[in-house]
Amino acid sequence: MTVARILAAKGSDVVTVQPYRTLQEAIDLMNDKRIGAVPVTGADGALLGILSERDIVRALAAGGGAALNDPVTRYMTSEVATTTRHTRVSDIRELMTDGRFRHVPVVEQGRLTGIISIGDVVKSHIEEIETEHRALRDYIATA
Ligand code: AMP
């Protein structure tokens, strides 16, 4: 299964935040949209970084409530691991495990065209196992 299959089901819309927004604004957005991470994009749509719940916890632990007024760029991760539609989901699972992150933006021709979360990866893995299970049961029933 590829990333394209996941995006076909969940869509290509990605909630993003502008680099000059504050941590408080990013938190409000993430809470509102019920998401655990948000890519930071420039005016041209270019991916500048990613801000996740972990970064927010780290910011608050280090700077207390004052950190809420800082720009998201201070706490985001700038070196973002990205993927494309053609990548196999099993490779994304490995990327997430090795990199210890739970979100991978999909980028094509410099444009953000989706985001894969660990929840999407787990869901697709369960679907694959269920399909295989069903095929085996049908095979046994007809043998
Ligand atoms: P997460 O597990 O996705 O909440 O993120 C854990 C840490 O990894 C945070 O510091 C994130 O900014 C960072 N992070 C999340 N996604 C990525 C990614 N695709 N590439 C690099 N770092 C990431």
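Quick one: which residue in LEU51, LEU47, LEU60 is free of Cβ contacts under 8 Å to residues at least 12 places away in the same chain, surrounded by 14 or more Cβ atoms within 10 Å (Cβ to Cβ) and not small (Gly, Ala, Ser)? Spell out how you get there, then give the answer.
Numbers: LEU51 fails: free of Cβ contacts under 8 Å to residues at least 12 places away in the same chain; LEU47 fails: free of Cβ contacts under 8 Å to residues at least 12 places away in the same chain.
Only one candidate passes the filter, namely LEU60.
For segment 113-124, check the following and say yes or no: at least one residue is part of a loop (DSSP other than H, G, I, E, B), within 11 Å of the ligand (Cβ to nearest atom) and touching a residue at least 60 places away in the same chain (Cβ under 8 Å). Can you show your working first?
The first filter runs over segment 113-124 and keeps only residues part of a loop (DSSP other than H, G, I, E, B), leaving none.
The answer is no; no qualifying residue exists.
Looking at ASP98, is it without any contact (Cβ under 8 Å) to a residue 24 or more places away in the chain, within 20 Å of the chain's Cα centre (by Cα), within 15 Å of the ligand (Cβ to nearest atom) and exposed (fewer than 11 other Cβ atoms within 10 Å of the Cβ)? Steps first, answer last, please.
Working: without any contact (Cβ under 8 Å) to a residue 24 or more places away in the chain: yes; within 20 Å of the chain's Cα centre (by Cα): yes; within 15 Å of the ligand (Cβ to nearest atom): yes; exposed (fewer than 11 other Cβ atoms within 10 Å of the Cβ): yes.
Yes.
Would you be able to tell me the number of residues in segment 40-91 that are in a loop (DSSP other than H, G, I, E, B), of a type in the set (Gly, Ala, Ser) and within 8 Å of the ligand (Cβ to nearest atom)?
Of the residues in segment 40-91, 1 are in a loop (DSSP other than H, G, I, E, B), of a type in the set (Gly, Ala, Ser) and within 8 Å of the ligand (Cβ to nearest atom).
What is the one condition in (1) surrounded by 17 or more Cβ atoms within 10 Å (Cβ to Cβ); (2) farther than 28 Å from LEU47 by Cα that VAL121 does not satisfy?
Condition (2) is where VAL121 drops out.
Read-outs throughout are calculated quantities, based only on the coordinates presented, and are distinct from any laboratory measurement. It should be emphasised that the depicted structure is a prediction, and the values quoted were computed from it without experimental measurement. Quick reminder, even Gly has a Cβ in these numbers, built from the backbone with ideal geometry, and neighbours come from all protein chains shown.
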